[in-house]
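Read the structure below first, then the notes.
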Amino acid sequence: MKNILILFALLSFSLCYAQELKQTADDHFANSEWQLAVDSYQKYLKKNKTDSSALYNTAFALFQLKKYEPAIKYFDQAESNNFNNTFTTIGKTRALIGLKKHEEAVANLLAGAKNGVFAYMRLKNDPEFDPLRGNPGFEEALELIKLNAYPCLSNQNYRHFDFWLGEWDVFVNGQKVGDNSITMANGGCAIHESYTTGMRNYSGQSINFYDPIDKKWHQHWVGSSGDVYNYIETDRADGMLQFESKFMTRSGQITMSRLTFTLNEDGTVRQLFESSTDEGETWNSAFDGLYKKKN
């Protein structure tokens, strides 16, 4: 029993000592005391070799000290112990750039891209990666990482309504009645509409999106006259999407609206509004618009 108590005490002491070392290392890291952080982490890692956060922080601190070769070793160890591969791939790529090993940096980034790395905006905008730009492998990796970051871009359900994207002049019976800007939003997971008219002082916006739960497209519209529509898909085909919604007129009457978009062979888009006062038994045309791309 005595031996067990001694063993327990030693284990408790060892655990407390390790926690103190880790806390000291973390404090140095937080204060950008890079060499002190490396020294403390390395002492801690002698007894805790699989602590991925300590391995990553050691790599990061070594990178800050421009000790690129050992930094790469620790980035690899951190990833092997399940640290987030986006961080380890970016860190290792930066270290390889520091060593001017640009081909290895591109190869590392491409491997990470194929394994789910998603730091698209960082890679796209950070000048630190400028030495790799123009390299076909880097451009390939960037495209893959873009799809990792924005998965809706490669999902055809989310791309069905892309035929409506663009800057449009809107006509009714040959006369221009408004302007509509249709843009991709939220990484391609939504389509945003901003509609304005001139003489009528009317405007409105909508958000359009595919819902993976009910597997339907939805449009939520709010206009400047207080009109609100919550459309839901009722039909879909190549180059066509149809919605229906209930709405309230200014007089307070609740009626139905059907909204159909159709892509024409010449690239124009027809937007047909129909209304019904008998729960969809009969429909009357309310707005028949033709979208033409702005020059």
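The values are calculated or read from the model by the stated rules, or taken from the named source; none is laboratory data. Computed from a predicted model, the values in this text were never measured in an experiment. Heads up, the Cβs are rebuilt from the backbone with ideal geometry, glycines too, and the neighbour counts pull from every protein chain shown.
Below is a table of values for the structure above.
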{"quantity": "Test for TYR195: is it surrounded by 18 or more Cβ atoms within 10 Å (Cβ to Cβ) and closer than 24 Å to ASN295 by Cβ", "calculated": "yes"}
{"quantity": "Test: residue in the range 215-233 that is crowded, with 16+ Cβ neighbours inside 10 Å, part of a strand (DSSP E or B) and touching a residue at least 60 places away in the same chain (Cβ under 8 Å)", "calculated": "no"}
{"quantity": "Subset of the range 252-288 that is under 18 Å from LEU241 (Cα atoms) and small (Gly, Ala, Ser) - its residue that is surrounded by the most Cβ atoms within 10 Å (Cβ to Cβ)", "calculated": "SER257"}
{"quantity": "Any hit, the range 170-186, residues being farther than 30 Å from ARG200 by Cα and either charged (D, E, K, R) or not assigned by TED's automatic domain parsing to the domain that holds ALA95 (or both)", "calculated": "yes"}
{"quantity": "Selected residue [in a loop (DSSP other than H, G, I, E, B), among the small types (Gly, Ala, Ser) and farther than 25 Å from THR24 by Cβ] from GLY134, GLY112", "calculated": "GLY134"}
{"quantity": "Pair list, Cβ < 7 Å and 6+ apart or interchain, from the range 105-130 residues that are in contact (Cβ under 8 Å) with a residue 24 or more places away in the chain and closer than 13 Å to GLY91 by Cα to residues that are of a type in the set (D, E, K, R) and assigned to a helix (DSSP H, G or I)", "calculated": "GLU128/ARG94"}
{"quantity": "Odd one out for PHE209 among (1) over 20 Å from ARG236 (Cβ atoms); (2) in contact with a strand residue (DSSP E or B) (Cβ under 9 Å, 6 or more places away or on another chain); (3) not basic (Lys, Arg)", "calculated": "(1)"}
{"quantity": "Of all residues in the range 198-214 being outside any strand (DSSP E or B) and aliphatic (A, V, I, L, M), the one that is surrounded by the fewest Cβ atoms within 10 Å (Cβ to Cβ)", "calculated": "ILE213"}
{"quantity": "Options THR196, THR183; residue that is under 19 Å from ALA286 (Cα atoms) and touching a strand residue (DSSP E or B) at 6+ places or on another chain (Cβ under 8 Å)", "calculated": "THR196"}
{"quantity": "Selection from the range 93-122 of residues that are polar (S, T, N, Q) and either surrounded by 20 or more Cβ atoms within 10 Å (Cβ to Cβ) or within 20 Å of LEU65 (Cα to Cα) (or both)", "calculated": "THR93, ASN108"}
{"quantity": "Unique residue being at pLDDT below 95 and buried (at least 16 other Cβ atoms within 10 Å of the Cβ) when the list is PHE243, PHE247", "calculated": "PHE247"}
{"quantity": "Close pairs from the range 27-54: first more than 19 Å from LYS67 (Cα to Cα), partner surrounded by fewer than 19 Cβ atoms within 10 Å (Cβ to Cβ) and at pLDDT below 95, Cβ under 7 Å, at least 6 apart", "calculated": "TYR44/ALA18; LYS47/ALA18; ASN48/ALA18"}
{"quantity": "Pairs, first assigned by TED's automatic domain parsing to the domain that holds ASP288 in the range 245-263, second acidic (Asp, Glu) and modelled with pLDDT of 85 or more, C-beta under 6 Å, six or more apart", "calculated": "ARG258/GLU244; ARG258/GLU274"}
{"quantity": "Residues located in the range 145-175, provided they are of a type in the set (A, V, I, L, M, F, W, C), in contact (Cβ under 8 Å) with a residue 60 or more places away in the chain and surrounded by 14 or more Cβ atoms within 10 Å (Cβ to Cβ)", "calculated": "PHE161, PHE163, TRP164, TRP168, VAL170, PHE171"}
{"quantity": "Single match in ALA119, ALA111, ALA149 (criterion: under 22 Å from the mean Cα position of the chain (by Cα), under 23 Å from PHE209 (Cα atoms) and of a type in the set (A, V, I, L, M, F, W, C))", "calculated": "ALA149"}
